[in-house]
Amino acid sequence: MLTILSLMLNFQAALAQTSKTSWKFDFGTGQVEPGYTQVLPATTYSKERGYGFEPGANIMALDRGGPDALRGDFCTSDKPFFFSVALPEGNYQVTVTLGDQTAATTTTIKAELRRLMLEKVQTTPGQFATRTFSVNVRTPQIAGDGEVHLKAREKTTEMWNWDDKLTLEFNDARPCVCALEIEKVDTIPTVFLLGDSTVCDQPLKPWNSWGQMLPRFFKPGVAVANHAESGESLRSSLGAKRLDKVLSSMKAGDYLFIQYGHNDMKEHGVGVGAFTTYKADLKHFVTAAREHGGIPVLVTSMHRKSLNAQGKINNTLGDYPAAVRQLAGEEKVPLIDLNAMSQTLYEALGPKHVGKAFQDGTHHNNYGSYELAKCVVEGIRTSKLDLAKYIADDFPVFDPAHPDPVENFHMPASPMSTNIKPEGN
């Protein structure tokens with residue numbers, strides 16, 4: 001009887017969580033703002049609670065007092081820390097209040113698998129910053145059609161991209177979190193990404209990809225849903241139902257950015273090639289997105305780290321970028337020529353510095369993926385996509401011939417690392 005009662009209570013709690021559309025949290029030990037849920041250092045995440053800190057960090061709370069319940073206290077740590085909230089699949093507007101009455105703060109926020117949301121938000125003593133960003137939460141289930149065939153790593157190190165909760169990473173010199181508000185907003189446009197290891201949300205440092213840097217360069221009001229995965233080609237993504245998953249969530253006006261090639265070029269068989277099977281499969285993705293009211297955008301693959309003695313790029317991708325350009329012209333699809341921009345970028349860095357953008361011959365680190373994300377955003381602008389109206393106000397015109405100086409770049413490292421390289425090369 002007790003077991004049945006417990007199951008009923010858990011079901012009712014889950015149902016209540018699913019029907020909610022907004023969540024509000026007040027961090028710290030001081031006065032709690034009416035309508036908010038208090039979060040203390042000992043508030044650890046559990047399925048029953050539905051919110052809380054993930055294990056691994058020493059969370060501290062400071063109460064400065066005063067009449068402002070939200071800003072009078074906060075939670076912080078001397079190491080990066082994670083806070084999760086159980087949420088249904090969809091898009092969310094997340095608003096954070098950061099600061100401290102008596103000391104300076106610096107906060108960088110990443111979501112799910114190290115998707116960069118806010119970069120280096122600084123406050124002076126007594127100053128508070130309220131920032132809003134949009135984030136996508138998803139599960140493997142496909143409405144009425146099974147689920148995505150996840151790889152083993154997607155069920156372990158990448159599980160935060162597929163579970164039933166939103167996880168936020170608070171990082172940098174001194175993150176002080178006063179309040180957090182979350183609101184479900186499924187009407188905002190979504191930018192879906194499909195591609196390989198150079199696009200996907202890499203789960204562990206030092207590996208990184210442009211897709212997980214992209215959200216930082218958008219204003220609130222558009223969410224990036226990164227469905228790319230390491231080792232994938234167009235055909236393997238089809239087989240794993242990644243395109244099906246995207247289409248099941250797509251609404252009119254959403255975007256689908258498609259960047260493959262690194263792994264497709266290694267497929268063999270009769271008739272297999274850039275201008276045959278690859279181009280035909282790419283056209284299938286484009287057509288499917290349009291049939292669902294979406295706006296396909298083709299992205300050519302960036303070059304690998306291969307410079308000759310004169311500091312010029314060696315093309316290791318054969319005809320695959322050319323096939324993308326050809327299809328874009330034939331089907332009148334917006335094109336972001338990341339292949340051409342990466343050549344300009346890598347040659348500008350030169351043999352002396354190009355290695356500082358890479359973690360191996362194909363995959364990038366924080367700096368390299370950040371610069372490539374800037375290339376993609378500049379491509380959005382020059383292509384005159386309507387999406388360009390969402391580009392962050394602090395993003396200037398970016399010329400890949402003049403990359404950001406490596407020595408001036410800083411991105412706080414997430415706490416978990418691996419020496420195992422991503423699939424694909």
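Values as computed for the structure displayed
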quantity: Strands (runs of 3 or more DSSP E) wholly inside region 186-266 that include at least 3 residues being assigned by TED's automatic domain parsing to the domain that holds Tyr390 and not small (Gly, Ala, Ser); calculated: 190-195, 255-259
quantity: Some residue of region 378-392 being at pLDDT 95 or above, in the same structural domain as Ala280 (by TED's automatic domain parsing), closer than 23 Å to Asn263 by Cβ and aliphatic (A, V, I, L, M); calculated: no
quantity: Among residues of region 136-152, those that are part of a strand (DSSP E or B) and surrounded by fewer than 22 Cβ atoms within 10 Å (Cβ to Cβ), counted; calculated: 2
quantity: Meets criteria (of a type in the set (Gly, Ala, Ser) and over 25 Å from Pro88 (Cα atoms)) for Gly30; calculated: yes
quantity: Residue list for region 173-225, filter: surrounded by 23 or more Cβ atoms within 10 Å (Cβ to Cβ), under 29 Å from Cys75 (Cβ atoms) and touching a Gly at 6+ places or on another chain (Cβ under 7 Å); calculated: Cys176, Cys178, Asp201
quantity: Where a residue in region 312-327 is in the same structural domain as Leu349 (by TED's automatic domain parsing) and its partner, wherever it lies, is of a type in the set (Val, Ile, Thr) and surrounded by 20 or more Cβ atoms within 10 Å (Cβ to Cβ), with Cβ under 6 Å and at least six apart; calculated: Pro321/Thr300; Val324/Thr300
quantity: Residue in region 390-398 that is free of Cβ contacts under 8 Å to residues at least 24 places away in the same chain, hydrophobic (A, V, I, L, M, F, W, C), surrounded by fewer than 20 Cβ atoms within 10 Å (Cβ to Cβ) and closer than 26 Å to Thr132 by Cα present; calculated: yes
quantity: Residues that are under 19 Å from Asp386 (Cβ atoms) and buried (at least 19 other Cβ atoms within 10 Å of the Cβ), drawn from region 323-334; calculated: Ala328, Val333
quantity: Neighbours by Cβ (under 6 Å, 6+ apart or cross-chain): first from region 61-75, assigned to a strand (DSSP E or B); second loosely packed, with under 15 Cβ neighbours inside 10 Å; calculated: Asp73/Asp63
quantity: Failed item in (1) touching a Ser or Thr at 6+ places or on another chain (Cβ under 6 Å); (2) under 26 Å from Gly231 (Cα atoms); (3) among the aliphatic types (A, V, I, L, M); (4) outside any loop (DSSP other than H, G, I, E, B), with Ala179 passing the rest; calculated: (2)
quantity: Strands (runs of 3 or more DSSP E) wholly inside region 88-128 that include at least 1 residues being over 30 Å from Pro206 (Cβ atoms); calculated: 90-99
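Yes/no per residue for (1) free of Cβ contacts under 8 Å to residues at least 12 places away in the same chain; (2) of a type in the set (A, V, I, L, M); (3) within 25 Å of Tyr255 (Cβ to Cβ):
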residue: Val85; (1), (2), (3): no, yes, no
residue: Thr107; (1), (2), (3): no, no, no
residue: Glu112; (1), (2), (3): no, no, yes
residue: Val121; (1), (2), (3): no, yes, no
residue: Val135; (1), (2), (3): no, yes, yes
residue: Val148; (1), (2), (3): no, yes, yes
residue: Thr156; (1), (2), (3): yes, no, no
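The values are calculated or read from the model by the stated rules, or taken from the named source; none is laboratory data. Remember, it's a predicted structure, so these values are computed and weren't measured experimentally. Cβ: placed from backbone, ideal geometry, glycine included. Neighbour counts: every protein chain shown.
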